[in-house]
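The values are calculated or read from the model by the stated rules, or taken from the named source; none is laboratory data. If you're wondering where the values come from, they're calculated on a predicted model, not measured in any experiment. Cβ sites come from the backbone with ideal geometry, for glycine too, and all protein chains shown count toward neighbours.
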Amino acid sequence: MTGDRTRERPDFERRGGGVIGSIGSLSLQTGRRLFDLVLPPRCKKCGALVVADDALCAACWSSLTFLGPPWCACCGLPFEYDVGADALCGACIASRPLFGSARAALAYDDASRELVLSFKHGGDESLARLFACWMAAAGGELLHDAPVILPVPLHPWRRIRRGFNQSAGLAAALARITGLRWDALSLERVRSTPSQGGLGRLARRENVRAAFAVRHSRRQRLAGRNLLLVDDVWTSGATADACIRACRKAGAARVDLLTLARVL
């Protein structure tokens with residue numbers, strides 16, 4: 001009898017642990033259901049009731065234009081039809097961009113603008129998690145070589161006024177999802193510039209010329225590394241180009257660009 005009991009004990013302990021685990025899991029599920037009854041999850045865009053946290057309703061989801069192949073192999077500009085995996089758009093053929101490759105999760109249009117701006121000016125961390133998932137899907141090929149993720153920095157005065165850096169929020173969420181390292185200290189904005197809003201392409205480039213630099217004390221961290229520059233909206237590319245120039249001057253091997261949305 002003693003031998004039988006000894007042999008049975010591990011199974012009993014396993015079963016007991018399973019019961020305790022099941023009770024804990026059941027309590028967690030019950031608590032979540034009670035919480036959802038009081039504060040049910042709502043669409044992050046329109047506020048309609050949804051079945052899960054950090055989600056959009058079907059109508060808002062279907063209104064967004066998610067970007068994906070077929071697209072330019074370099075900049076990710078969508079093509080109307082498939083012209084080959086290595087095909088380039090006219091702009092990339094005419095002048096090769098400074099970045100290695102670039103991708104964006106969404107088209108920045110009437111449907112996505114309110115959602116993007118609510119994050120940019122509201123700082124909702126749950127939106128950062130949602131957006132980072134979309135960005136990881138759109139930029140999966142850019143993550144293969146384990147790049148260091150760098151957010152586009154804000155000038156300290158603007159960060160104080162706004163309260164947070166939306167690009168840093170996206171970079172942090174993307175790092176948590178992918179397991180990659182992110183660095184919010186090496187690249188800095190050394191010159192305060194007026195808002196890019198309302199400026200033309202040439203004016204935008206002049207506005208951010210020499211506005212970014214890699215801290216001298218941290219150059220060795222980026223030298224010879226592949227980097228992934230993260231920003232919220234890609235408009236003319238002027239800000240990204242200024243950041244990439246600074247990173248390449250510091251010795252970065254390659255700099256790719258990943259944004260939440262892109263003006264098409």
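Brief remarks on what is shown
- Test set (1) in contact with a Phe, Trp or Tyr (Cβ under 8 Å, 6 or more places away or on another chain); (2) of a type outside the set (Lys, Arg); (3) modelled with pLDDT under 95; (4) under 26 Å from SER118 (Cα atoms) - ALA261 fails condition number: (3)
- Of the residues LEU142, LEU150, LEU170, LEU174, the single one that is touching a residue at least 60 places away in the same chain (Cβ under 8 Å) and in a strand (DSSP E or B) is LEU150.
- Consider the range 129-186 and keep the residues that are of a type in the set (Phe, Trp, Tyr) and under 13 Å from the mean Cα position of the chain (by Cα). The one that is surrounded by the most Cβ atoms within 10 Å (Cβ to Cβ) is PHE131.
- Residue that is nearest to LEU64 (Cα to Cα), among those in the range 241-264 that are touching a residue at least 40 places away in the same chain (Cβ under 8 Å) and assigned to a helix (DSSP H, G or I): ASP241
- Restricting attention to the range 153-167, the residues that are modelled with pLDDT under 90 and assigned to a helix (DSSP H, G or I) total 7.
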